[in-house]
Each structure stands twice: as structure tokens, then as C-alpha cells.
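**Student:** One structure, pasted below without further comment.
Computed from the coordinates by the stated procedures, all read-outs in this text should not be read as laboratory data. Predicted model only: the values in this text are computed from it and were never measured. Reconstructed Cβ throughout: ideal geometry from the backbone, glycine too, with neighbour counts over all protein chains shown.
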Amino acid sequence: MLVSAKEMLQKAKAGHYAVGQFNINNLEWTKAILLTAQELNSPVILGVSEGAGKYMCGYTTVVGMVNGMIKELGITVPVALHLDHGSYEGCYKCIEAGFSSVMFDGSHYPIDENVAKTSELVKLCNEKGLSLEAEVGSIGGEEDGVIGGGEVADPDECKMIADLGVTMLAAGIGNIHGKYPANWGGLRFDALEAISNKTGDMPLVLHGGTGIPEDMIKKAISLGVSKINVNTECQLAFAAATREYVEAGKDLQGKGFDPRKLLAPGSEAIKATVREKITLFGSANKA
Ligand SMILES: [Zn+2]
């Protein structure tokens with residue numbers, strides 16, 4: 001059964017570790033992530049962007065696939081199914097379809113409108129027992145074609161949104177989506193500390209986890225980050241392993257063209273990435 005992310009993140013915040021959100025794209029992705037979380041006895045959040053939702057034939061298909069896998073694979077660790085960077089309309093669609101968590105990305109609205117729309121969703125999510133992530137200060141890089149400026153969020157705006165009763169808060173602290181450029185200045189720990197001080201025990205979310213050095217991840221967790229989003233890193237690992245298989249000509253040997261064989265190295269590479277992240281974030285054996 002899918003659960004809200006509330007309890008797992010409050011425990012993570014109190015216990016000074018972070019729960020990984022791993023974005024899914026298809027059956028192989030979902031299966032690899034669920035099996036690894038179970039193997040490490042870790043809570044897990046499956047992230048679905050609106051683009052990935054469309055690709056997987058809509059949110060009801062995603063809910064059916066994930067619920068089916070939890071049952072068939074005997075998954076007993078807490079699993080939240082979460083809309084990543086949802087639009088206002090997307091949040092309603094996912095709630096209707098059976099997601100257990102949504103992110104409303106209102107960062108591109110003026111703060112008053114972000115507050116109004118977030119408040120409405122807080123009420124609905126509370127009624128239904130779902131978790132809600134809000135965002136303040138857009139996160140740079142590219143997320144399904146939306147390019148942000150890489151801002152640092154204003155701590156007072158963060159407090160304003162946190163006080164609305166959201167479950168977790170994403171705040172820009174110099175992090176970006178996708179690969180980090182060579183001239184990236186690193187995470188803004190001064191900003192993170194100021195936001196953390198203002199928002200108290202609110203679990204904070206770090207987007208764009210791919211390529212942030214391990215020591216920075218650990219420091220961010222120590223300063224109140226309780227959820228870390230990983231997307232690009234699994235994609236890169238899957239692509240590299242698949243390339244290796246094809247370049248070695250293995251798809252031309254025997255029944256190497258069988259998708260169950262062709263996609264196996266990529267799936268194993270996702271598992272290895274997820275294993276590494278869960279260990280780094282400290283959520284193993286916290287289910
Ligand atoms: Zn993001």
C-alpha cells in the first residue's frame with residue numbers, strides 16, 4: 001500500500017538522515033528502485049514528473065503499475081508515489097488517480113498566488129491524508145523544458161509557505177537540475193542554514209542531487225535536508241550500461257536481443273546507483 005511521505009520525512013528530519021526520491025520512467029526503473037529499497041530496508045519515494053506521467057500513459061497507469069508491483073514483489077518498506085514539479089492542474093489529476101504525495105511547483109507564480117494555490121492544496125491533501133511539497137525560489141537547470149534561473153530562496157518566503165502546513169519544502173540553495181557545469185559555485189550553506197533556522201522542524205528537500213559531491217550532501221543533511229531527489233544519475237547509469245552491452249555486440253549473440261536481456265544491465269546499473277544513494281543518505285534500515 002502506498003503511504004504519504006509525511007511520517008518517513010519527519011522521522012528522517014529527527015534522525016538526521018534523508019530519504020531518496022528516485023524518479024521513474026518505466027517498469028524497469030520502478031522495479032529496480034523498489035527492489036533496492038526493500039533489500040536495504042529503506043523507505044523510498046518514487047518521483048513522477050508530468051512528462052514521465054504522460055510517457056507512462058497517464059497517472060492511473062502509473063498508480064496501477066506501482067500498486068501491482070508492491071503486491072507482486074512483496075514490498076513491505078514504506079513507499080510514497082509522488083508527483084514531481086506538479087502544476088496546479090497536475091496535482092488535482094494525481095490526487096484523483098491515487099498518488100500518495102504531490103509537489104506543487106508554484107515557484108513561478110508571484111508569492112501571493114503561490115500562497116493562495118498552496119493553501120488550497122494543503123486543505124485537500126490534509127483531508128485525504130496525502131503529503132504535499134511546496135517550492136520557493138526556482139531551482140535552476142532543466143526540468144521537462146522549464147528552465148529556472150538557479151535562485152537562492154528568501155528565508156522569509158520559505159517560512160511563509162512552511163507555515164501554510166505543507167509537509168516538506170523545496171528551496172533553491174544554488175542547486176540545479178541535470179549535470180552541474182564546471183564553474184558551479186557549490187551549495188549555499190549560508191542560505192540553507194538561514195532557511196532551516198526559520199522553518200524549524202519542516203523537512204527540507206534538495207532537488208538536483210546528481211553530481212553534488214558527497215561531503216556537500218552530508219553537510220546539507222546535517223543542516224536539515226530530509227529528502228533528496230535523484231533523477232539524472234539513474235538515467236546516466238542506465239544509458240552507460242546499455243551502451244556497453246550493445247557496443248560489446250551482446251545483442252547480436254544468441255537471444256541477446258530479448259528485451260529482458262537487453263535491458264538487464266541498465267536495470268542493474270539503476271540498482272547500483274540507488275544502493276549507493278540510500279547508503280549515502282543514511283536511510284538504510286530506517287523503514
Ligand atoms: Zn526538481
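**Student:** Say the cut-off is 21 Å between C-alpha atoms; which of Lys11/Lys277; Lys6/Lys123; Lys159/Lys227; Lys93/Lys117; Lys128/Lys286; Lys31/Lys219 go over it?
**Tutor:** Lys128/Lys286; Lys31/Lys219
**Student:** Describe numerically, in nm with one decimal, the distance between label points set 7 Å from Cα along Cα→Cβ at Glu72 and at Ser222.
**Tutor:** 4.4 nm
**Student:** Whole-Hz Karplus ³J(HN,Hα) for the range 125-132, in order, using 6.51 cos²θ - 1.76 cosθ + 1.60 and θ = phi - 60°, x for Gly and Pro?
**Tutor:** 5, 4, 4, 9, x, 9, 9, 10
**Student:** How high is the FRET efficiency from Leu124 to Ala240, r the C-beta distance, R0 35 Å, rounded to 0.05?
**Tutor:** 0.30
**Student:** If I model a spin label as a point 7 Å beyond the Cα along the Cα-Cβ vector, how far apart are those points for Asn41 and Glu113 in nm?
**Tutor:** About 4.9 nm, to one decimal.
**Student:** Could I ask something else about it? How far is helix 27-39 tilted, in degrees, relative to the longest principal axis of the Cα atoms in the chain, given as a value from 0 to 90 rounded to the nearest 10?
**Tutor:** The two axes meet at around 80 degrees.
**Student:** A further question follows. I need the peptides 107-119, 261-273, 14-26 ranked by packing, meaning the mean over residues of other C-beta atoms within 10 angstrom, with the highest value on top.
**Tutor:** With the highest mean Cβ count within 10 Å placed first, the list reads 14-26, 261-273, 107-119.
**Student:** Using helices alone, I'd like the mean residue ellipticity at 222 nm for the chain: each DSSP H run of four-plus residues gives -39500 (n - 2.57), total over residue count, nearest 500.
**Tutor:** -14500 deg cm²/dmol
**Student:** Separate question: Cα centroids of the range 267-287 and the range 206-225: how far apart, whole angstrom?
**Tutor:** Rounded to whole Å, the Cα centres lie 15 Å apart.
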